[in-house]
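The structure appears below as structure tokens.
The values are calculated or read from the model by the stated rules, or taken from the named source; none is laboratory data. Keep in mind the model is a prediction, meaning the values are calculated, not measured. Here the Cβ is made from the backbone with ideal geometry for all residues, glycine too, and neighbour counts use every protein chain on show.
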Amino acid sequence: MRQLLTLFAALLLFVGTSAAQQAKYVFLFIGDGLGINQIHGTELYNAAVHKDMANGGRLSFTRFPVRSYVSSHSASSLVTDSSAAGTAIASGVKTVNGYMGVDANKKSVKNIAEVAAEIGMMTGVATNVGVNHATPCAFYAHNESRDNYGDLFNQLLESPIDFAAGSTILYKKREGLLPKDYVEKAKSAGMKVLQDPAAAGRVRGKRVLLLSDSLSRKALRFATDCTEKDPTIVDFTASAIKYFEREAKDSGFFLMVEAGHIDYSCHDNDAVTTFEEINHLSESVQLALDFYEKHPEETLIIVTADHETGGMTLGYDHYKMNFERLAYQKCSLESLTRQMQHMRKIGKTSWEDMVALLKEQLGFWDYVKLRSKDEVALRKTFDKNFLKNGEKVVGLYTSNEKMASVAVKILNTRAYIKWIDLAHTGMPVPLFVKGVGYEQFLECYDNTDIPKIIAKIMGSELQN
Ligand SMILES: [Zn+2]
């Protein structure tokens, strides 16, 4: 009898353990361009600048039980782009830079959102850049090019994705349709199209497409430039959670959230904007943690990145770092560019006007002491570029005034932050995991391992 009881107890334990190993609610956060230095830099920045923050400025995910890194190379280069990395993280397959949800032979590959839908879970993607930009597309589209925006969006409509959020629908002129035309297509496909994040909580039994208040926004406003009423990735995440909390109560869900704007500020080599974008990612993850507190046995949270952007370095010149100086940057490089263009437009073009702007937006002279070579560089760029032609520093997503770019670079340098490039690097990317089945990520070495492990923890399998 005692033996029988022991066997029964063991059986119970086994059933209990395997049931507890299954994730019903899965959050996958992808920081686009988010390197390990960007993460550590944000915590140092918070400690130096936001001294009043909860946890001393510690990000919500850096103390997860799994704190690791994975390799990110693509099939065509040791340095990946977002579409190849997105495909790897979504489908477990290496592909060529620029390819979207297909392998190196252009054959469609199954992704983790499709696996989730097959086993009856609801699925969602949210990003603070275009809803059909590379990273979200990896979870619903299959195309030989990340640039075929119209085709990619049409695939979102045909996909099983229940909730999709982004700043707008990106389009190519050659494809003939504008964002408003795609909105009509989404409505015809039965999606509820919203432009207010708070409205998603009221939708019943319908797929949702959540966009920003202006379809001309290729990305939501940078965290540094937001006003109270501007939507952010935190709002989009809250909106998705509200929607799924009710709609997916029984089925469970898989939700991918991309903090896509980190990549843009890293392409601009703008440290403060990058750090504030990462704070928004941290707040979004905190919402998932709040959800986890209510469902600790069934929730899995993963935070990772597709690649590092910019080659950010913290500290140089014989052990120097001074992040306190970053406290005085009030806006993004992109916004500083717009302000300079406005100045030229209204004829405020004296050196004194420029000094006033740099004092106000970057704290130069009053709070951040400049070296004589910095002053020479500013004055030279002012005379040669700002006054004459407003020469641009053209990046992947932005086109900034050289004057603004030189000024932000000087501030970064005064904090002893350097960037080695305006593009992506081949550095490994961080991986943080908490929740049910997290132990399985202790043996996760490459970005292609991520979706395969998630599928297993969801009680399924991803095979390509
Ligand atoms: Zn990029």
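Given the conditions (1) buried (at least 17 other Cβ atoms within 10 Å of the Cβ); (2) more than 20 Å from H307 (Cα to Cα), and given that S72 satisfies all but one, which numbered condition is not satisfied? In the conditions (1) buried (at least 17 other Cβ atoms within 10 Å of the Cβ); (2) more than 20 Å from H307 (Cα to Cα), S72 misses (2) alone.
Could you pull out the residue among D213, D162, D147, D181 that is buried (at least 18 other Cβ atoms within 10 Å of the Cβ) and among the charged types (D, E, K, R)? First the steps, then the outcome.
On the way: D213 fails: buried (at least 18 other Cβ atoms within 10 Å of the Cβ); D147 fails: buried (at least 18 other Cβ atoms within 10 Å of the Cβ); D181 fails: buried (at least 18 other Cβ atoms within 10 Å of the Cβ).
Residue meeting the stated conditions: D162.
Within region 416-445, being closer than 19 Å to K320 by Cβ, more than 16 Å from the ligand (Cβ to nearest atom) and assigned to a strand (DSSP E or B) holds for I417, K418.
Kindly indicate whether V368 is in contact with a helix residue (DSSP H, G or I) (Cβ under 6 Å, 6 or more places away or on another chain), of a type in the set (A, V, I, L, M, F, W, C) and within 16 Å of S335 (Cβ to Cβ).
Working: in contact with a helix residue (DSSP H, G or I) (Cβ under 6 Å, 6 or more places away or on another chain): yes; of a type in the set (A, V, I, L, M, F, W, C): yes; within 16 Å of S335 (Cβ to Cβ): no.
Considered against the rule, which asks whether it is in contact with a helix residue (DSSP H, G or I) (Cβ under 6 Å, 6 or more places away or on another chain), of a type in the set (A, V, I, L, M, F, W, C) and within 16 Å of S335 (Cβ to Cβ), V368 comes out as no.
Looking for whichever is in a helix (DSSP H, G or I) and under 22 Å from S251 (Cβ atoms) here; the options are A126, A113. Which one fits? Unique residue meeting the criteria: A113. Residue count for region 216-250, restricted to those that are closer than 22 Å to I169 by Cβ, hydroxyl-bearing (S, T, Y) and surrounded by fewer than 17 Cβ atoms within 10 Å (Cβ to Cβ): 1.
Does D270 meet the test of being in contact with a Ser or Thr (Cβ under 7 Å, 6 or more places away or on another chain) and within 16 Å of the ligand (Cβ to nearest atom)? Spelling it out, D270 is indeed in contact with a Ser or Thr (Cβ under 7 Å, 6 or more places away or on another chain) and within 16 Å of the ligand (Cβ to nearest atom). V96 satisfies every condition listed in (1) aliphatic (A, V, I, L, M); (2) in contact (Cβ under 8 Å) with a residue 24 or more places away in the chain; (3) assigned to a loop (DSSP other than H, G, I, E, B) except (2).
Answer yes or no as to whether V394 is within 16 Å of the ligand (Cβ to nearest atom), out of contact with any Asp or Glu (no Cβ under 9 Å at 6 or more places or on another chain) and more than 18 Å from M312 (Cα to Cα).
Working: within 16 Å of the ligand (Cβ to nearest atom): yes; out of contact with any Asp or Glu (no Cβ under 9 Å at 6 or more places or on another chain): yes; more than 18 Å from M312 (Cα to Cα): yes.
Answer is yes for this residue.
On the basis of being assigned by TED's automatic domain parsing to the domain that holds N447, of a type in the set (F, W, Y) and in contact with a Lys or Arg (Cβ under 7 Å, 6 or more places away or on another chain), does Y140 make the cut? Considered against the rule, which asks whether it is assigned by TED's automatic domain parsing to the domain that holds N447, of a type in the set (F, W, Y) and in contact with a Lys or Arg (Cβ under 7 Å, 6 or more places away or on another chain), Y140 comes out as no.
Out of curiosity, is L177 of a type outside the set (G, A, S), over 23 Å from the mean Cα position of the chain (by Cα), assigned to a loop (DSSP other than H, G, I, E, B) and in the same structural domain as T123 (by TED's automatic domain parsing)? Spelling it out, L177 is indeed of a type outside the set (G, A, S), over 23 Å from the mean Cα position of the chain (by Cα), assigned to a loop (DSSP other than H, G, I, E, B) and in the same structural domain as T123 (by TED's automatic domain parsing).
From the list S68, S60, exactly one residue is assigned to a loop (DSSP other than H, G, I, E, B) and either within 16 Å of the ligand (Cβ to nearest atom) or among the polar types (S, T, N, Q) (or both). Which is it? Steps first, please.
Working: S68 fails: assigned to a loop (DSSP other than H, G, I, E, B).
Result: S60 is the single residue among S68, S60 that is assigned to a loop (DSSP other than H, G, I, E, B) and either within 16 Å of the ligand (Cβ to nearest atom) or among the polar types (S, T, N, Q) (or both).
When the residues of region 23-43 are narrowed to those that are surrounded by 20 or more Cβ atoms within 10 Å (Cβ to Cβ) and of a type in the set (A, V, I, L, M, F, W, C), which ends up farthest from the ligand (Cβ to nearest atom)? Here the answer is A23.
Residues in region 247-263 that are in contact with a Gly (Cβ under 8 Å, 6 or more places away or on another chain) and in a helix (DSSP H, G or I): E247, I262, D263.
Looking only at residues of region 349-370 that are over 32 Å from the mean Cα position of the chain (by Cα) and not aliphatic (A, V, I, L, M), we find that the one that is surrounded by the fewest Cβ atoms within 10 Å (Cβ to Cβ) is E352. So, in region 129-155, how many residues would count as being farther than 20 Å from A189 by Cα, outside any loop (DSSP other than H, G, I, E, B) and in contact with a strand residue (DSSP E or B) (Cβ under 6 Å, 6 or more places away or on another chain)? Summing the residues that are farther than 20 Å from A189 by Cα, outside any loop (DSSP other than H, G, I, E, B) and in contact with a strand residue (DSSP E or B) (Cβ under 6 Å, 6 or more places away or on another chain) in region 129-155 gives 3.
Could you grab me the full set of residues in region 371-415 that are part of a loop (DSSP other than H, G, I, E, B) and crowded, with 18+ Cβ neighbours inside 10 Å? Across region 371-415, the qualifying residues are G395, T398, A415.
Considering A200, A223, A238, which residue is within 17 Å of the chain's Cα centre (by Cα) and part of a helix (DSSP H, G or I)?
Values: A200 fails: within 17 Å of the chain's Cα centre (by Cα); A223 fails: part of a helix (DSSP H, G or I).
Being within 17 Å of the chain's Cα centre (by Cα) and part of a helix (DSSP H, G or I) holds for just one of A200, A223, A238, which is A238.
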